[in-house]
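Q: I am attaching a structure below and will ask some questions about it afterwards.
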Number of protein chains: 2
Amino acid sequence: MTEDQPSVQGAVCPPPLPHRDRIVLGHGSGGKLSRRLIEQVFMPALRNPFLDMRDDSAVFQIPMMIADGARLALSTDSHVVSPLFFPGGDIGRLAVCGTVNDLSMVGASPLYLTAGFILEEGLSVADLERILQSMKHAAEEAGIFIVAGDTKVVQKGKADGLYINTAGVGLVDPLVNISGANAKPGDIIILSGSIGDHGIAVLQARGELGFESQIESDVAPLNHLTHGMLEASKEIHVLRDPTRGGLATTLNEIASQSQVGIIIEETLLPVNPAVASACEMLGFDPLNVANEGKLVAFVSESSASKVIEAMKHTEIGKDSVAIGRVVSTPPGIVLMKTQIGSTRILDSLSGEMLPRIC
Amino acid sequence: MTEDQPSVQGAVCPPPLPHRDRIVLGHGSGGKLSRRLIEQVFMPALRNPFLDMRDDSAVFQIPMMIADGARLALSTDSHVVSPLFFPGGDIGRLAVCGTVNDLSMVGASPLYLTAGFILEEGLSVADLERILQSMKHAAEEAGIFIVAGDTKVVQKGKADGLYINTAGVGLVDPLVNISGANAKPGDIIILSGSIGDHGIAVLQARGELGFESQIESDVAPLNHLTHGMLEASKEIHVLRDPTRGGLATTLNEIASQSQVGIIIEETLLPVNPAVASACEMLGFDPLNVANEGKLVAFVSESSASKVIEAMKHTEIGKDSVAIGRVVSTPPGIVLMKTQIGSTRILDSLSGEMLPRIC
């Protein structure tokens, strides 16, 4: 399988990428074509001293504070959103923010990410480059590095453009103790802004709304927001980003993990009017629609106002609002006071509403 | 989208998995069906105290030695092998070993892995369970935990059964300094066993050999082997596992990264007779065929014999052998003394030989 005319590996300028406009199976071979794809498409966007090492793993020192009892957080997310581009973002931004946010939701400061790409034969290299630029910008916004990566290519019809997995490591301050199991009766529940924007923006990009709208995904890194919140108070018991399944599912997960009751008020939930209209026409509940740049925080009553204050000082959290509180009974149940004054059980999403929104 | 009859989330025994025999889109919703899939299929295989936390990230202390100047390693690999099961392994074993080995190849002791699953609608749950069992066994064999995971479901025809990404973190001893850029003239090149077994085993599983054979993939975790090698000597300059592109591509990468020449001897390369026959009939060069349980080590001449000795004391490295050495010129070039006594340039794999072998 070697070429008839052996060429000098390690030349400074590899020959131009053949089939530059489309990904071919050879780009996943691990051989010369793979190397050209890395050098000519991935590296220009993501280059940093760690990737420049070109070893099987990135190796790094961790900050000195680790010696003082800090812990590490590790998380992963695969992204299969369809379509790849949508108002307010794309699969690349989603992939970086997804893992940055999962790390942030245990109170960690994200440090380093990995990215694994599964490319479908025939993918436009221009689209790939656009997505990589988006990852670069999201990484800069979050203040993290993508330090290791992997690329595979599958035959046409065995993926849908591309899928991206990210994993990441972060550092948790010794004074931080955040978990879905830590909600306590009396905690105030804070939401960082409007719900349902991401899911509806993706539907709109699929042309499934059936009408024009200006809804943009909220996809954004939440680590600067959580950093400010934890500066304001360490009495934050739970943090979670209501992605798939929406706010209703997230609150049910927390009620179940902590074995507490939750009461929220429907009238306090911020929903963009365009999202509310779209949900009404489609028969969706915004409480079940995915978000990619929002969080809920469960905070001790004494710290709630300063945490909300800190959140409102950020652009991303300027609409933060207390939406309810934790009660001791009934454990595992989420109740909602509705607009008409009644109280109903708010259940998790059952089945599939919007496939492949992240 | 809430159900007409709200049920109590957090019940100890969730109802049996509907459509138990096949994955449906709802298993990727993030809602109740997702939860059932996690509780009834993923957790029984992979359960550990980290996954039991059910938070967005796993949080852990790292060993005290970190204070003494140790570093962390981070790596990722996506796995798209076709078929999912092959002689000697499956995609689950491959996914665990792939990242364990990438960490081992910088001299790290692997600690924790993440696993991201992309499931195709219609995948048999029995196959998924078999693959998860295989991951569990490989993790036990390597002595690591899978501490965080993610599951997405895509429509039928948008994947090929399932794809698995793994990422992992490991600890690097302060005295270890291993990189593809560290090869030095005079280094002895050691190979840990026969080449080509994995690639040919996968071809055989596809029914593409056209004849019967007993070839098994070599897929295995290499961390215990590298641990023993580093106990024997810290004078190991390069470690790499010759996966996609085979040994020829790996040696070319190292020659290029270190800007050294490499000379190996064809007669010293261990190739299983069945692999050699298969390669001859198919027109493949075993030097370009993937391995998943082998490594090459570049070791200072003074330490080579004790490193080989340590390798031979392990089952996985019992056939270890010195296959060549590093020279100063020509930089970036790999030369091979052939069986007939001539010397030829050994080039990287060009294009794609065997798609989706890992």
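The values are calculated or read from the model by the stated rules, or taken from the named source; none is laboratory data. Nothing here was measured: the structure is a model prediction, and the numbers come from that model. Using ideal geometry, Cβ is built from the backbone for each residue, glycine included, and neighbour counts are taken over all protein chains shown. Remember, those area values only see protein heavy atoms, side chains included, never the ligands or the DNA or RNA. Shrake-Rupley method; radii C 1.70, N 1.55, O 1.52, S 1.80 Å.
Q: Nothing charged except the Cβ atoms of Lys and Arg (+1) and of Asp and Glu (-1): what's the magnitude of the dipole of the stretch B:73-191 about its Cα centre? Round to the nearest 20 debye.
A: 100
Q: Then there is this: How big a patch of accessible area, both sides summed and in Å² to the nearest 100, lies buried between A and B at a 1.4 Å probe?
A: 7900
Q: Let me spell out the model: positive unit charges on the Cβ of Lys and Arg, negative unit charges on the Cβ of Asp and Glu, origin at the Cα centre of the protein assembly as shown. What dipole size does that give, in debye rounded to 20?
A: 160
Q: Can you list, shortest first and in nm, the gaps between the label point of residue B:87 and those of its counterparts in the other copies, using a point 7 Å from Cα in the C-beta direction?
A: Here residue B:87 shows inter-copy label distances of 5.7 nm.
Q: PRE reach from residue B:265 (point 7 Å along Cα→Cβ): which of the stretch B:328-351 fall under 16 Å by backbone N?
A: Zone members listed by number: B:335-344.
Q: What are the distances, in nm and sorted shortest first, from the label point of residue B:213 to the label points of the same position in each other copy, with each label point placed 7 Å from Cα along the Cα-to-Cβ direction?
A: Sorted ascending, the copy-to-copy spacings read 5.7 nm.
Q: Above 26 angstrom, tally the Cα pairs of chain A and express them as a % of all pairs, no decimals.
A: 53
Q: Taking chain B as a Gaussian network, where each spring joins two C-alpha atoms under 10 Å apart, which residue of B:257, B:40, B:61 fluctuates the most?
A: In this elastic network of chain B, the residue with the biggest mean-square fluctuation among B:257, B:40, B:61 is B:61.
Q: Something else about it: For the protein assembly as shown, give me the percentage of DSSP beta bridges that are antiparallel, rounded to the nearest 5 percent.
A: Here the antiparallel bridges make up roughly 80 percent for the protein assembly as shown.
Q: Here's something else I'd like to know. How large a share of the accessible area of the stretch B:136-241, in percent, is made up of carbon and sulfur atoms when the probe is 1.4 Å and the other protein chains stay in place?
A: C and S atoms contribute 48 percent here.
Q: Springs between alpha-carbon pairs under 10 angstrom, Gaussian network model over chain A: which of A:86, A:298, A:50 fluctuates most?
A: The residue with the greatest mean-square fluctuation here is A:50.
Q: Could you give the accessible area per residue of chain B, probe 1.4 Å, as a whole number in Å²?
A: Solvent-accessible surface per residue comes out at 35 Å².
Q: ³J(HN,Hα) across the stretch A:289-302 via Karplus (A = 6.51, B = -1.76, C = 1.60, θ = phi - 60°), whole Hz, x for Gly/Pro?
A: Once θ is set to phi - 60°, the couplings for the stretch A:289-302 become 8, 5, 10, 10, x, 10, 9, 10, 10, 10, 10, 4, 4, 5 Hz.
Q: Also, I was wondering about something else. Could you state the angle between the C-alpha long axis of helix B:223-232 and the longest principal axis of the C-alpha atoms of chain B, as a value from 0 to 90 degrees rounded to the nearest 10?
A: 40
Q: Oh, and also: Under 10 Å, Cα contacts only: if you run a Gaussian network model on chain A, which one of A:250, A:226, A:151 comes out with the highest mean-square fluctuation?
A: Highest fluctuation of the listed residues: A:151.
Q: A further question on this structure: Step through the residues of the stretch A:331-340 one at a time and calculate ³J(HN,Hα) from phi using the Karplus curve (6.51 cos²θ - 1.76 cosθ + 1.60, θ = phi - 60°), rounding each to whole Hz and writing x for Gly and Pro.
A: With the stated coefficients, the stretch A:331-340 comes to x, x, 10, 10, 10, 10, 6, 7, 4, 8 Hz.
Q: Using DSSP, restrict attention to beta bridges with both residues in the stretch B:25-172 and report what percent are antiparallel, rounded to the nearest 5.
A: 70
Q: I'd like the Karplus ³J(HN,Hα) series for the stretch A:71-83: coefficients 6.51, -1.76, 1.60, θ = phi - 60°, whole numbers in Hz, and an x wherever there's a Gly or Pro.
A: 10, 9, 10, 9, 8, 8, 8, 9, 10, 9, 4, 9, x
Q: I would also like to ask the following. Can you give the convex hull volume of the alpha carbon atoms of the stretch A:25-172 per residue, in Å³?
A: Per-residue hull volume (Cα only) is 105 Å³.
Q: With the Cα gyration tensor of the protein assembly as shown in hand, convert its eigenvalues to equivalent ellipsoid semi-axes via √(5λ) and list them largest first in whole Å.
A: The answer is 47, 26, 23 Å, longest axis first.
Q: While we're on this one: For chain A, find the longest principal axis of its Cα atoms and tell me its angle to the long axis of helix A:273-282, 0 to 90°, nearest 10.
A: Taking the Cα atoms of chain A, the angle to A:273-282 is about 90 degrees.
Q: If the label for residue A:306 sits 7 angstrom from Cα along the Cα-to-Cβ line, what are its distances to the same label in every other copy, in nm to one decimal, shortest first?
A: 5.8
Q: Taking 8 Å as the Cα distance limit and 6 or more residues as the minimum spacing, I'd like the relative contact order of the stretch A:188-345 as a percentage.
A: Relative contact order here is 43 percent.
Q: For chain A, find the longest principal axis of its Cα atoms and tell me its angle to the long axis of helix A:246-258, 0 to 90°, nearest 10.
A: The answer is roughly 70 degrees.
Q: Kirkwood hydrodynamic radius (Cα pairs, Å) of the stretch A:232-358?
A: That comes to 15.4 Å for the stretch A:232-358.
Q: For the charge dipole of the stretch B:188-345, defined by +1 on Lys and Arg C-beta atoms and -1 on Asp and Glu C-beta atoms about the Cα centroid, which residue among B:191, B:224, B:343 has the Cα displaced farthest towards the positive pole?
A: B:343
Q: Continuing with the same structure: Could you work out Rg/(2.2 N^0.38 Å) for the stretch B:32-112, with Rg from alpha carbons only?
A: Rounded to two decimals, the normalised Rg is 1.37.
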